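Just below is one structure, and these are the notes that go with it.
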Amino acid sequence: MAMTRSRRTTLSDIPKYRIGIDLGGTKMHAVVVNRHGKPLGSARRPTKSEVGYRDVLKRLRDTALEALADAGIGLRDIRSIGLGMPGPVDQARGRVVVAPNLGWSDKPVAEDLRMLLRRPVVLANDVNCGGLGEATYGAAKDATSAAAAFVGTGLGGAIILAGKVINGAHGFAGEIGHVPAPFDDAPCSCGRRGCLETVASKTGITRMILANQASGLRCRIKIAKDAKVRSSDLLRAWQAGCPSTRRAIKASARGVAWGLAAFGGIFDPEVFVLGGGVIEAMGSIFLPLVRDQLRIYSLLYSNRRPDVRLAALGDDAVAIGAAVASVEVLP
Ligand SMILES: [Zn+2]
């Protein structure tokens, strides 16, 4: 007859998996990772923020459960959930400060999601999660310090020092997109004018192509005034030699380099990481442009080659970084 043994809690009893979720304005993406950050399963859903806060929370729960099913792991094996939010967060209080894309402000997201999944939830800013993911398991995993710039619809940045992402006193550290830049005086999504994002983003590239067209420069892509241009369209126009597109992309890369030069002057990181939708589509075009311009802008790199790398985790970066952020708070 088998003896019943009393079980002592050992280190191996501590749940060893994490869920990281990237909550964006249009989609949510959950990834289950093991203790080495390896993705084991994932799931996606549209965010549908227009149907309201409670409904988005339920969709987050369902997406997390679907990712678990995909990984073949039960909720009881999950130590914590990291949630990357599109906006600044108050991590200690588990509240999102403001997320304009979702229409949320001062919401107790961590507690509300914990009630639905019965697991601790840690909030972090999505761009900081992307930087943390790349610094821990991606392009800068061998570096102790890194600055990341994510070029997409807007421009986000992240600072990593000694393997930790710097959030800052108000969650705004690394937020280079809305620093005034010496390029243009175009209106910005934030309501002010001349922010770096008005140049160093897909929105900026589109605006500059339209301006180049209006000034009589030839153009091979059609852009309706309020239409969203896909990064793949920009790539095709570049490859076709479109003069308006080429000039706009060079100006945008110059803006990205200006932002990296500022990071270089502030904390001299070992590695710069370029990520985001525009870079995923056109990284091989941006990388040399940014590197060359960085050498022109920066005294530091005038006779030293800057280590600029393309992000390696792709679409998983924010979700994986959110899982890492939850490890930092709940080891
Ligand atoms: Zn701005």
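Return the only residue of Gly265, Gly277, Gly321 being surrounded by fewer than 24 Cβ atoms within 10 Å (Cβ to Cβ) and in contact with a strand residue (DSSP E or B) (Cβ under 9 Å, 6 or more places away or on another chain).
On the way: Gly265 fails: in contact with a strand residue (DSSP E or B) (Cβ under 9 Å, 6 or more places away or on another chain); Gly321 fails: surrounded by fewer than 24 Cβ atoms within 10 Å (Cβ to Cβ).
Answer to the check: Gly277.
Among the residues of region 76-90, write down those that are under 16 Å from Asp316 (Cα atoms) and open to solvent by 10 Å² or more (accessible area, probe 1.4 Å).
Answer for region 76-90, where residues must be under 16 Å from Asp316 (Cα atoms) and open to solvent by 10 Å² or more (accessible area, probe 1.4 Å): just Pro86.
Being more than 26 Å from Glu50 (Cα to Cα), surrounded by fewer than 20 Cβ atoms within 10 Å (Cβ to Cβ) and among the basic types (Lys, Arg) is true for just one of Arg114, Arg93, Arg119. Which residue is that?
On inspection, the qualifying residue turns out to be Arg119.
Out of region 40-63, which residues are over 19 Å from Pro100 (Cα atoms) and in contact with a helix residue (DSSP H, G or I) (Cβ under 6 Å, 6 or more places away or on another chain)?
Leu40, Gly41, Ser42, Ala43, Arg45, Arg61
Among the residues of region 178-198, which ones are in a strand (DSSP E or B) and open to solvent by less than 20 Å² (accessible area, probe 1.4 Å)?
Cys195
Taking region 148-202 on its own, how many of its residues are farther than 15 Å from Asn125 by Cα and touching a helix residue (DSSP H, G or I) at 6+ places or on another chain (Cβ under 8 Å)?
Within region 148-202, residues that are farther than 15 Å from Asn125 by Cα and touching a helix residue (DSSP H, G or I) at 6+ places or on another chain (Cβ under 8 Å) number 26.
Just to be sure I understand the filter: pairs with C-beta atoms under 6 Å, separated by 6 or more residues or on different chains, first member in region 168-179 and in the same structural domain as Arg193 (by TED's automatic domain parsing), second member among the aliphatic types (A, V, I, L, M) and away from the ligand (no atom under 12 Å from the Cβ). Which pairs pass?
Gly171/Val89; Ala173/Ile159; Ala173/Ile166; Gly174/Ala158; Gly174/Ile159
Which members of region 36-54 meet the condition of being outside any strand (DSSP E or B) and open to solvent by less than 60 Å² (accessible area, probe 1.4 Å)?
Just the residues of region 36-54 that are outside any strand (DSSP E or B), to begin with: 36-38, 47-54.
Matches in region 36-54: Gly37, Thr47, Ser49, Gly52, Tyr53.
May I ask you to list pairs of residues, at least six apart or on different chains, whose Cβ atoms are under 8 Å apart, with the first in region 138-154 being at pLDDT 95 or above and open to solvent by less than 10 Å² (accessible area, probe 1.4 Å) and the second being assigned to a loop (DSSP other than H, G, I, E, B) and of a type in the set (Asp, Glu)?
These pairs meet every condition: Ala140/Glu270; Ala146/Glu270.
Does Ile73 satisfy the criteria of being open to solvent by less than 60 Å² (accessible area, probe 1.4 Å) and assigned to a loop (DSSP other than H, G, I, E, B)?
So Ile73 fits the description; yes.
The values are calculated or read from the model by the stated rules, or taken from the named source; none is laboratory data. The shown structure was predicted, so the numbers you read here are calculated from the model rather than taken from an experiment. Using ideal geometry, Cβ is built from the backbone for each residue, glycine included, and neighbour counts are taken over all protein chains shown. When the accessible area is computed, the model is the full protein with side chains, heavy atoms only, and any ligands, DNA or RNA have been set aside. Shrake-Rupley method; radii C 1.70, N 1.55, O 1.52, S 1.80 Å.
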